[in-house]
Amino acid sequence: MLDRHVPDEIAKLLNQRHLLTADGQPFDAKIVRVIAKLHGLPSRYDRLRATGLLTISEMARTLRISDCIVWRWRKKGILRGQPYGARKFLYEPPVSVKQINQRQCEVQYEA
């Protein structure tokens, strides 16, 4: 689950299955993080970084644009990002500027 979901989503999935913690409580994101840490499991952030995804600042530097533009382009679908927390994303490095330009055109025509 840690490979595909943020802690909030994992807690919701476990609660939908009517699973409870050892204390008989429903799961929340904090409990999911604590359990993963106790078992020595890497965080979602660490797992995504290990695959080569970039932080917003790294992506901005790579493309020579601002962090705000990176965020906006992800929301429009021009850049692809994977969530690792609430409103926190890591970004797939673009293959080329041509790829970004192509995605910008696709997004404009979809609107």
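Using all C-alpha to C-alpha distances in the range 1-41, build P(r) with 10 Å bins and read off the rounded percent in each one.
32, 60, 8
Using amide H atoms built in the peptide plane, which far-off residues or other-chain residues are under 5 Å from Tyr84 H to H?
Close amide H contacts, sequence-distant or interchain: Phe89, Leu90.
Excluding residues on the same chain fewer than 8 positions from Lys12, give the lysines whose Cα lies under 16 Å from its Cα.
Within reach: Lys30.
Which of the aspartates and glutamates could a cross-linker bridge to Lys76, judged by Cα under 14 Å and excluding same-chain residues fewer than eight apart?
Cross-link targets: Glu106, Glu110.
Pick out which of Ala60, Ala86, Ala22 has the largest mean-square fluctuation in a Gaussian network model of the chain, springs linking Cα atoms closer than 10 Å.
Sorting by GNM fluctuation, first place goes to Ala22.
Taking every pair of Cα atoms in the chain, average 1/r, invert it to obtain the Kirkwood radius, and report Rg/Rh to two decimals.
In the chain, Rg relative to Rh is 1.09.
Taking the number of other C-beta atoms within 10 Å as the exposure measure, put His18, His5 in order starting with the fewest.
Numbers: His18 7, His5 15.
Listing His18, His5 from fewest to most nearby Cβ atoms yields His18, His5.
If contacts are Cα pairs under 8 angstrom and at least 6 residues apart, what is the relative contact order of the chain in percent? List each step's numbers first, then the result.
Numbers: 108 pairs, mean separation 24.0, N = 111.
The value is 22 percent.
Once the piece of chain linking Ala86 and Thr55 is laid out straight, how much longer is it, given 0.36 nm per residue of separation minus the C-alpha distance between them?
Gain in length upon complete extension: 9.7 nm.
Report the calculated FRET efficiency for Thr62 and Ala22 (r = Cβ-Cβ distance, R0 = 35 Å), to the nearest 0.05.
Working from the Cβ atoms, E equals 0.20.
Please report the relative contact order for the range 1-41, taking Cα pairs under 8 Å with a sequence separation of at least 6, and give it as a percent rounded to a whole number.
Numbers: 27 pairs, mean separation 15.4, N = 41.
Averaging sequence separation for qualifying contacts and normalising by length gives 37 percent for the range 1-41.
Readers should treat all values here as calculations from the given coordinates under stated rules, not as data from a laboratory. Bear in mind that the values here come from a model prediction, so they are computed numbers and not experimental data. Note that each Cβ is placed from the backbone with ideal geometry, even for glycine, and that neighbours are counted across all protein chains shown.
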